[in-house]
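Data first, discussion second: the structure below is written as structure tokens.
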Amino acid sequence: MLASFGAPSVGRSASPEPVIVNRGNPLFRDRFTADPAPLVVGDTLYLYTGHDQAQGDAMFDMRDWLVFSTKDMKTWTPHAPIMNVKDFKWAKKDAWASQTIEKNGKFYFYAAVEHDDSRPGKAIGVAVSDSPTGPFTDARGSALITNQMTPDGKHSWEDIDPTVFTDDDGVTWIAWGNRDCYIAKLKANMTEIDGPIRKITPPHFEEGPWLHKRGDLYYLTYASLDRATQTDEHVSYATATSLDGPWTYRGELTKSAKNSFTIHPGIAEFRGQGYIFLHNATLTVGDQGGAVGRRAVTVEYLQYNPDGTLKPVVQTEAGVSVPPPPAN
């Protein structure tokens with residue numbers, strides 16, 4: 001049991017960077033991480049995360065974003081923080097959920113922050129780098145999306161949790177939201193909205209959308225909450241044959257995360273295998289135990305049924321440190 005589920009060993013490779021050996025969930029156990037967002041570039045998977053630093057009973061204290069990389073899902077290299085919320089000069093706090101995408105040889109990083117008092121509420125910024133490990137710099141000098149751009153929203157934190165996806169025609173889309181799910185096209189420069197912002201809110205949508213495509217089917221996976229029956233977020237998903245919809249609700253994909261009100265899916269196919277990254281709150285670092293503001297990233301295998309629907313995901317301690325279950 002200890003060999004499978006014990007804390008990951010940390011050693012030294014030939015490079016000056018440490019190496020974290022995956023021995024189960026959570027993946028990284030020397031710090032609190034949340035809101036995982038994978039990106040595959042060639043033979044490497046990069047995993048972007050938030051960085052929980054809350055102490056005691058504090059809810060959220062997130063100041064910078066981290067990235068880890070792997071070539072085999074067995075060992076991970078942690079890199080220097082890619083960006084601090086202060087690098088968005090128009091933002092005042094909250095380095096919340098993010099996602100990075102590659103386009104035309106550059107890497108674009110979309111992240112939720114708290115805007116300064118000139119445009120109160122949550123907002124989404126975009127930064128750019130020549131490298132997936134950064135450093136990233138503000139690509140606009142202003143927010144890409146502000147609370148004032150979604151006036152139908154019922155609260156000031158609806159413009160969070162961006163997900164970005166480039167379709168087969170080369171057009172990149174961005175979706176985001178809390179309680180409502182919004183979607184819009186991005187211009188080719190990746191720093192401007194192209195056309196209208198639309199709602200595509202599926203049943204029980206709470207936050208944390210993730211867009212991906214397999215074959216001819218589009219998937220919208222998200223943190224869901226049935227407020228009549230549930231107290232913690234689950235993960236649900238919907239599918240469509242076009243990003244314009246209509247979206248068909250497919251039900252829950254996985255249950256709530258242990259000890260955590262929130263959950264946040266990030267999906268990637270890497271070396272022919274599907275993965276879903278999540279977070280829970282089971283980690284203890286020093287004298288700080290897992291909590292709503294102290295989460296830890298996990299990963300499980302993601303598998304598909306012949307009709308394109310997703311097989312239910314069971315969250316485990318072993319994660320992907322053991323072989324995947326049979327496909328059928």
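For this structure, a couple of remarks:
- Every residue from segment 204-238 that is touching a residue at least 40 places away in the same chain (Cβ under 8 Å) and more than 27 Å from Ala111 (Cβ to Cβ): Gly215, Leu217
- Check on Val67, surrounded by 15 or more Cβ atoms within 10 Å (Cβ to Cβ) and either within 26 Å of Val235 (Cα to Cα) or not hydrophobic (A, V, I, L, M, F, W, C) (or both): yes
- Flag if Ala143 is buried (at least 21 other Cβ atoms within 10 Å of the Cβ) and assigned to a strand (DSSP E or B): no
- Among (1) assigned to a loop (DSSP other than H, G, I, E, B); (2) open to solvent by less than 10 Å² (accessible area, probe 1.4 Å); (3) in contact (Cβ under 8 Å) with a residue 40 or more places away in the chain - the single one Glu158 does not satisfy: (3)
- Test: Ile174 is buried (at least 17 other Cβ atoms within 10 Å of the Cβ), modelled with pLDDT of 95 or more and touching a Leu at 6+ places or on another chain (Cβ under 8 Å): yes
- Residues that are of a type in the set (Gly, Ala, Ser) and either closer than 25 Å to Asp168 by Cα or under 18 Å from the mean Cα position of the chain (by Cα) (or both) within segment 234-270 comprise Ser236, Ala238, Ala240, Ser242, Gly245, Ser256, Ala257, Ser260, Gly266, Ala268, listed in sequence order.
- Residue match in segment 213-229 (condition: in contact with a Leu (Cβ under 9 Å, 6 or more places away or on another chain) and of a type in the set (Asp, Glu)): no
- Being within 25 Å of Thr70 (Cα to Cα) and in a loop (DSSP other than H, G, I, E, B) is a property that holds for Ala257.
- Here Val314 clears all of (1) under 28 Å from Arg29 (Cβ atoms); (2) surrounded by 14 or more Cβ atoms within 10 Å (Cβ to Cβ) except the condition numbered (2).
- Where Arg214 falls short, out of the listed (1) touching an Asp or Glu at 6+ places or on another chain (Cβ under 9 Å); (2) open to solvent by less than 20 Å² (accessible area, probe 1.4 Å): (2)
- Qualifying residue in segment 269-279 (condition: in contact (Cβ under 8 Å) with a residue 40 or more places away in the chain, part of a loop (DSSP other than H, G, I, E, B) and surrounded by 15 or more Cβ atoms within 10 Å (Cβ to Cβ)): no
- Residues in segment 191-233 that are more than 19 Å from the chain's Cα centre (by Cα), in a loop (DSSP other than H, G, I, E, B) and on the phi > 0 side of the Ramachandran plot: 1 in all.
- Residue match in segment 311-318 (condition: in contact with a His (Cβ under 7 Å, 6 or more places away or on another chain) and at pLDDT 95 or above): no
- Residues within segment 103-118 that are surrounded by 15 or more Cβ atoms within 10 Å (Cβ to Cβ) and more than 15 Å from the chain's Cα centre (by Cα), tallied: 5
The values are calculated or read from the model by the stated rules, or taken from the named source; none is laboratory data. Worth saying up front: this structure is predicted, and the values here are computed from it rather than measured. All Cβ positions, glycine included, derive from the backbone under ideal geometry; neighbour counts span all protein chains shown. To get the accessible areas, we keep the full protein, side chains included, count just its heavy atoms, and leave off ligands, DNA and RNA. Shrake-Rupley method; radii C 1.70, N 1.55, O 1.52, S 1.80 Å.
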